[in-house]
1. Does region 47-78 hold any residues that are touching a Lys or Arg at 6+ places or on another chain (Cβ under 7 Å) and more than 19 Å from Gln119 (Cα to Cα), and which are they?
2. Could you check region 24-62 and list, in sequence order, the residues that are surrounded by 14 or more Cβ atoms within 10 Å (Cβ to Cβ) and over 18 Å from the mean Cα position of the chain (by Cα)?
3. Among the residues of region 49-74, which ones are in contact with a Leu (Cβ under 8 Å, 6 or more places away or on another chain) and over 15 Å from Ser6 (Cα atoms)?
4. Which of the residues belonging to region 102-136 are surrounded by fewer than 17 Cβ atoms within 10 Å (Cβ to Cβ) and of a type in the set (Lys, Arg)?
5. Inspect region 69-79 for any residue being part of a helix (DSSP H, G or I) and either in contact with a helix residue (DSSP H, G or I) (Cβ under 8 Å, 6 or more places away or on another chain) or surrounded by fewer than 17 Cβ atoms within 10 Å (Cβ to Cβ) (or both) and give the result as yes or no.
6. Tell me whether region 5-14 contains one or more residues that are of a type in the set (Val, Ile, Thr), more than 14 Å from the chain's Cα centre (by Cα) and either at negative phi or assigned by TED's automatic domain parsing to the domain that holds Val120 (or both).
Amino acid sequence: MNPLESASKILDTMLGHLGIAANIGQEDGPGGPTLQIQSGESRLIIGRNGERLDDLQYLVNRILRRANPDAPRIKVDCEHYRSIREDKLAGEIRDIAERVKSTGRPFELRPLNAYYRRQVYGILADDPGVETRSPEGTERLKRITISPKPAKTQPS
């Protein structure tokens, strides 16, 4: 069984134990393998600000990687909630980066989990005008600081 099918079975079992009936679709798109949940109880699955969806994704990946350490990271979405949120986050991050470059002042983002921090780093990876950093530690939610990249001086 491939990792996406295994993850789908894990998620279906979890939702079944929670008493939630759902159809789980499998997608292998540019953002990586994704499980797309369709359910009449999407509000219960997504939770407040996507927190329950984040928890489901975390658990699915932990269980999957315990059985198959080489498995890719699987994204869990519900009725495209995460995709819409990622598009919105990408726009916000690009706007903040432009503001940081124009004002020269750093900006600290709201606390983000590891999944969304990876998104931020990916969005800004090719922007030569800013740099990002987050605090060390084991906290689940961390704040990324976006700062202007110092100009390199030419040796004379």
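The values are calculated or read from the model by the stated rules, or taken from the named source; none is laboratory data. The structure displayed is predicted, hence computed values, not measured ones. A quick note on method: Cβ atoms are made from the backbone with ideal geometry, for glycine too, and the neighbour counts reach across all protein chains shown.
1. Ala71
2. Ile24, Ser39, Glu41, Ser42, Leu44
3. Arg52
4. Arg105, Arg110, Arg118, Arg133
5. Among the residues of region 69-79, not one is part of a helix (DSSP H, G or I) and either in contact with a helix residue (DSSP H, G or I) (Cβ under 8 Å, 6 or more places away or on another chain) or surrounded by fewer than 17 Cβ atoms within 10 Å (Cβ to Cβ) (or both), which makes the answer no.
6. Checked region 5-14: at least one residue is of a type in the set (Val, Ile, Thr), more than 14 Å from the chain's Cα centre (by Cα) and either at negative phi or assigned by TED's automatic domain parsing to the domain that holds Val120 (or both).
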